[in-house]
Amino acid sequence: MVERRDANTKSFVLVQRQFRPVRFELHPFAAVALGLFALALLGWSFATTSYALFRDEFLMQIVSRHTASEQASSAEIARLKADAARASSRLLIEREEFTRKLGEFAERQTNIERKQELLSGLPEADAGNDNPGELRLRSPKPVRESRMDHGGTSGSLAEVERRFARIEKTQQRQMAALKSRLDRERLNLSRVYASLGLRSPEAPIKAGIGGLYIPSLPDEGLSEWGEPELVELQGVMQEAEHLRRGLAFVPVRHPAPQASQVSAFGNRVDPFLGTMAFHSGVDLDLPSGAPARTTASGTVVSAGWNGGYGLMVEVRHEQGFSTRYAHLSSVAVSEGDEVNVGDIVGRVGSTGRSTGPHLHYETRLNDRALDPRRFLAAAAMLGD
């Protein structure tokens with residue numbers, strides 16, 4: 001082979017013995033292009049060979065990454081489902097707790113209202129309460145279900161709980177004070193009965209009631225929020241009221257609480273004759289015109305002039321008792337009138353066999369004169 005060059009081309013002459021030489025001529029740009037093509041073909045061949053060799057490993061890596069991604073996604077979904085289940089369970093529990101608390105609050109509200117109804121008519125029971133209006137529990141603002149998160153609902157219920165506890169504590173203090181006062185009153189009334197030689201009245205039996213006898217059941221139905229104390233207090237109140245009513249027709253009040261006694265019951269020197277004589281009542285020092293008040297409820301059986309008594313009013317009470325108010329300057333009632341404790345039956349004067357204005361007061365049992373001092377002492381025990 002012989003090579004021949006010129007300025008612009010490269011020539012190659014193949015010399016063979018048996019064939020004619022073939023001559024190729026390439027432009028420089030074509031030669032560069034052919035070289036680049038050869039390099040590209042070589043790179044493609046290398047890439048194809050590498051892919052063929054490492055394809056399985058690439059696929060395994062891709063599959064492994066995809067599997068790991070799926071597992072992570074499944075774990076995240078499972079975690080989210082578990083969180084949602086826990087949140088749903090917590091919400092259900094909070095709803096049940098909220099409903100239970102509302103029922104409990106409704107029961108406590110009912111007991112508070114019952115106690116307040118009992119205490120509202122007793123001014124003495126409110127003596128220790130600077131703000132009676134505090135016992136009026138306003139309805140709490142409703143809690144929306146969307147706000148039933150752990151903090152919001154618990155805070156609302158806790159606030160209502162504190163308000164109930166504060167009101168119940170106040171009522172408990174008032175009920176204890178009231179019961180203590182009623183116990184003292186019962187004891188005082190019993191002493192009054194004993195001082196007068198009277199037997200305490202039996203509790204009245206209401207008409208029109210009945211039924212089979214069934215032994216009392218355990219107090220399971222009573223509320224834990226003070227219901228037993230309420231029942232006990234009601235019983236004490238009823239007993240005290242019964243004792244008070246039993247004395248309503250017994251002359252155990254004072255006809256003139258501010259008056260002093262100037263002449264006692266029993267034998268004394270007669271102010272006109274100067275000899276010993278029996279005085280059937282007590283004389284109370286009062287100015288002319290002062291009111292004379294009845295000491296028990298009853299019926300007026302005499303109202304007018306009655307010899308040495310002057311103007312006199314006699315009131316007949318139950319259980320054989322009667323009272324007389326004598327030497328009056330005027331009479332304020334008529335025969336047959338019904339009078340209550342404390343009603344004015346006349347005005348103090350000096351009519352009849354009297355040396356000056358005063359009130360002659362008598363207490364009688366079955367028309368027999370009794371010493372009024374026993375009854376006036378009972379009036380002092382009652383504070384009347």
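Taking the condition outside any loop (DSSP other than H, G, I, E, B) and more than 30 Å from residue 179 (Cα to Cα), does residue 236 pass?
Judged against the criteria, residue 236 is not a match.
Looking at 101, 179, which is the one that is within 30 Å of residue 247 (Cα to Cα) and either touching a helix residue (DSSP H, G or I) at 6+ places or on another chain (Cβ under 7 Å) or at pLDDT 80 or above (or both)?
Within the list 101, 179, the selection yields 179.
Under 9 Å between Cβ atoms, which residue pairs at least 6 apart in sequence (or on different chains) link something in segment 318-330 that is outside any strand (DSSP E or B) with a partner that is polar (S, T, N, Q)?
Hits for this filter: 318/297; 320/366.
Hey, could you check segment 77-98 for residues that are of a type in the set (A, V, I, L, M, F, W, C) and surrounded by 14 or more Cβ atoms within 10 Å (Cβ to Cβ) and say which is modelled with the highest pLDDT?
91
Any residue at all in segment 31-39 that is surrounded by 10 or more Cβ atoms within 10 Å (Cβ to Cβ), modelled with pLDDT of 80 or more and closer than 30 Å to residue 167 by Cα?
No, segment 31-39 contains no residue that is surrounded by 10 or more Cβ atoms within 10 Å (Cβ to Cβ), modelled with pLDDT of 80 or more and closer than 30 Å to residue 167 by Cα.
Among what's in segment 291-317 and is small (Gly, Ala, Ser), buried (at least 18 other Cβ atoms within 10 Å of the Cβ) and in contact with a Gly (Cβ under 9 Å, 6 or more places away or on another chain), pick the residue that is nearest to residue 257 (Cα to Cα).
292
The values are calculated or read from the model by the stated rules, or taken from the named source; none is laboratory data. Bear in mind that the values here come from a model prediction, so they are computed numbers and not experimental data. When we count neighbours, we look across all protein chains shown, and the Cβ atoms used for this are built from the backbone with ideal geometry, even at glycine.
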